1. Using Cβ contacts closer than 10 Å as the measure, can you line up Val73, Val57, Val90 from fewest to most?
2. Sticking to Cα atoms, compute the Rg of the stretch 153-206 to one decimal and its Dmax as the biggest Cα-Cα distance, whole number, in Å.
3. How long are the semi-axes of the ellipsoid equivalent to the stretch 143-243, from square roots of 5 times the Cα gyration tensor eigenvalues, in whole Å, largest first?
4. Working out 0.36 nm times the residue gap between Glu50 and Asn221, then minus their Cα-Cα distance, what length gain in nm do you get to one decimal?
5. Just to check, using Stokes-Einstein with a Kirkwood Rh over alpha carbon pairs, what's the diffusion coefficient of the stretch 246-363 at 10 °C and 1.306 mPa s in µm²/s?
6. Measuring from the lowest to the highest alpha carbon on each principal axis, how far does the stretch 214-296 reach, largest first, in angstroms?
7. Gap in Å between the Cα centre of the stretch 96-150 and the Cα centre of the stretch 202-259?
8. Pull out the extension gain between Cys326 and Ala251, defined as 0.36 nm times the separation in residues minus the alpha carbon to alpha carbon distance; nm, one decimal.
Amino acid sequence: MKIEFNVLDRQFRQFQDEYEAAALRALRSGWYILGKELEAFEQEYAAFNESKYCVGVGSGLDALVLAFRALGVGPGDEVLVPANTFIASVMGVTLNGATPVFVEPDEFYLLDAARLEAAITPRTRAILPVHLYGQICDMDPILEVARRHNLFVVEDCAQAHTARYKGKMAGTFGDIGCFSFFPTKNVGAFGDAGCIVTDNPDLADKVRTLRNYGSKVKYHNEMENGVNSRLDELQAALLRAKLPHVAELIAQRESVARRYLAGIRNEKLILPAIRPGCGHVWHLFVVRTADRAGLMAHLEQAGIHAQIHYPIPPHLAPCYAKLGGCPGDYPIAEAYADQVVSLPLYNGMTDEEVQYVVDAVNSWQ
Ligand SMILES: *Cc1c(COP(=O)(O)O)cnc(C)c1O
């Protein structure tokens, strides 16, 4: 059997008629940027995410960039970010000229609240919890540190749509929540798209202005650091068609994860753990092993494509060499980067395929 890491057309086919109808509606409308579909989507997503405001933008990275820009975080400011995240989280900070300060993750691969305080300096302005792999961070102690030091909180929810913490939705804890609708994400569009959510009308207004050349009214440009980053009508229409099915799509992911958790028995592996009270929506199913090359080769031999999220921690990425990061600076994040493996998990994966992966992992010696 051959098992791809992701097969996107399976999720498309599940609700194909609805996507096609939505796409045709947008195409035939004759209006493609900043129109009725986006307006409706923003209202629907705000309600869906239990937030007051939603502003659609071009990507998850743009959501992060414009979130920090709207908060006025820039040159000379420091932002606490997890040392084991996807590079885009960090770029949201550095594209504003601010400086990322890395913080080691806990055993759930998430920002470790107990290590935040030691990383705070007089320049610290914000904390960026990333709900990595789909599990929401332990928000209470993070918010407590933020309150004590008067810091902004921006949540990177790109992998964690609808994950809850003590009943409350990801993206609703901090000043701004940032989402990506990249096609492989748990709520995926059919192209690039993203959004921010917030309960603060001024911040929503700022991002709305920044995404459109810094103008609210056509040709009246108020902000020189504006960009062109709009969630287009076609993607908005497609996302509107997907929203009613998100709960079902995430339940499918949970069912694969449950089968993996119940079926995988191999002493050479560490399975993902869930912190009590923290929701996990299983964007990725990440295992860890000291012999990653061995596991990857064994899976490859069985026709299974696993992936690594992520092989190089941001402080060792060539683009951030100027920050002076060295091997050994963040040993936990570096060990994770050397040991993690993501098993295939996607909407439309069959029970037979899941069992095939379980058997292959269990037969690895
Ligand atoms: C995907 C992702 C992003 C960026 O989203 P794009 O829409 O691809 O720009 C940011 N942060 C995390 C954690 C992500 O997984």
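1. Listing Val73, Val57, Val90 from fewest to most nearby Cβ atoms yields Val73, Val90, Val57.
2. Just the Cα atoms of the stretch 153-206 yield Rg and Dmax of 11.4, 32 Å.
3. Numbers: eigenvalues 117, 96, 19 Å².
Values for the stretch 143-243, descending: 24, 22, 10 Å.
4. 58.4 nm
5. 101 µm²/s
6. Result, largest extent first: 63, 31, 28 Å.
7. So the separation of the two Cα centres works out to 24 Å.
8. On the way: separation 75, 0.36 × 75 = 27.00 nm, distance 4.07 nm.
Extra length available between Cys326 and Ala251 comes to 22.9 nm.
Values in this text are rule-based calculations from the coordinates and carry no lab data. The model shown is predicted, which means the values in this text are computed figures rather than measured ones. For neighbour counting, all protein chains shown are included, and Cβ atoms are generated from backbone atoms with ideal geometry for every residue, glycine included.
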